[in-house]
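A quick write-up on the structure given underneath.
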Amino acid sequence: MKAKRPNWIPVVTGLIMKGDQVLVGLRPEGKNLAGQWEFPGGKIEANETPEGALQRELKEELGIEAEVGAIVFAGTHSYGETGILLLFYIVKYWKGEPKPFYHRELKWVHLKDLQDLDIPGANRKVLPHIVQLLP
Ligand code: DGT
């Protein structure tokens with residue numbers, strides 16, 4: 001029997017860095033993974049490049065004009081027959097002050113403290129790699 005192939009939904013996220021701190025947002029009520037801290041970002045829409053999608057998401061969610069830097073890591077996570085392909089990009093430069101237009105709350109967290117937050121399983125399993133790869 002042919003194995004079921006998951007539908008991988010590509011999701012872009014920004015590792016928005018200020019020194020050794022990174023910006024995380026609390027997912028809103030009514031969404032899946034509500035109450036967990038995520039890296040801002042979202043799904044790539046039709047006809048978008050990954051970088052373009054991230055710029056759009058960061059504008060919509062935080063109100064910033066971001067310069068999307070290098071991709072640092074890609075990870076997958078399955079939810080049954082669907083899965084997400086998470087692409088993590090560094091963001092070191094942006095215009096504007098991030099505001100929570102989408103999240104319940106935003107906060108800057110030291111890299112070493114990320115593991116203590118309630119974060120999506122998709123992020124928890126790749127966290128050590130990401131922290132190691134960040135400049
Ligand atoms: P939707 O589908 O547009 O109503 O909205 P969301 O908020 O469910 O979806 P979106 O565009 O934020 O997609 C991101 C998906 O990836 C969502 O299922 C949550 C999951 N995810 C896991 N870790 C992260 C992360 O660090 N950041 C973001 N943005 N999403 C993550």
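The values are calculated or read from the model by the stated rules, or taken from the named source; none is laboratory data. Owing to the predicted nature of the structure, the values given are computational and were not obtained by experimental measurement. All Cβ positions, glycine included, derive from the backbone under ideal geometry; neighbour counts span all protein chains shown. Accessible surface areas use protein heavy atoms only, side chains included; no ligands, DNA or RNA. Shrake-Rupley method; radii C 1.70, N 1.55, O 1.52, S 1.80 Å.
Looking only at the range 97-135, filter to residues that are among the acidic types (Asp, Glu) and open to solvent by 100 Å² or more (accessible area, probe 1.4 Å); which one of those is nearest to the ligand (Cβ to nearest atom)?
Asp116
Condition first: modelled with pLDDT of 95 or more, within 17 Å of Pro28 (Cα to Cα) and not in a loop (DSSP other than H, G, I, E, B). Can you find one or more residues in the range 85-99 that meet it?
no
Filter the range 56-84 down to residues that are part of a helix (DSSP H, G or I) and open to solvent by less than 40 Å² (accessible area, probe 1.4 Å) and give me whichever is nearest to Lys43 (Cα to Cα).
Glu57
Which residues, counting only those in the range 83-96, are away from the ligand (no atom under 11 Å from the Cβ) and within 14 Å of Val22 (Cα to Cα)?
Those that are away from the ligand (no atom under 11 Å from the Cβ) and within 14 Å of Val22 (Cα to Cα): Tyr89, Ile90, Val91, Lys92, Tyr93, Trp94.
Looking at the range 1-22, I want the residues that are at positive phi and assigned to a strand (DSSP E or B) and have a partner that is modelled with pLDDT of 95 or more and exposed (fewer than 14 other Cβ atoms within 10 Å of the Cβ) with Cβ atoms under 6 Å, at least 6 apart or on another chain. Which pairs are those?
Pairs that qualify, where the first residue is at positive phi and assigned to a strand (DSSP E or B) and the partner is modelled with pLDDT of 95 or more and exposed (fewer than 14 other Cβ atoms within 10 Å of the Cβ): there are none.
Six or more apart or on different chains, Cβ under 7 Å: which pairs go from a residue in the range 68-86 that's touching a residue at least 24 places away in the same chain (Cβ under 8 Å) and of a type in the set (Ser, Thr, Tyr) to one that's surrounded by 12 or more Cβ atoms within 10 Å (Cβ to Cβ) and not in a strand (DSSP E or B)? Could you list them?
Qualifying pairs under 7 Å: Ser78/Pro6; Thr82/Pro6.
Keeping to the range 36-55, report how many residues are open to solvent by less than 30 Å² (accessible area, probe 1.4 Å) and in a loop (DSSP other than H, G, I, E, B).
So the answer is 2.
Going by what's in this entry, would Trp8 be described as open to solvent by 30 Å² or more (accessible area, probe 1.4 Å) and among the aromatic types (Phe, Trp, Tyr)?
yes
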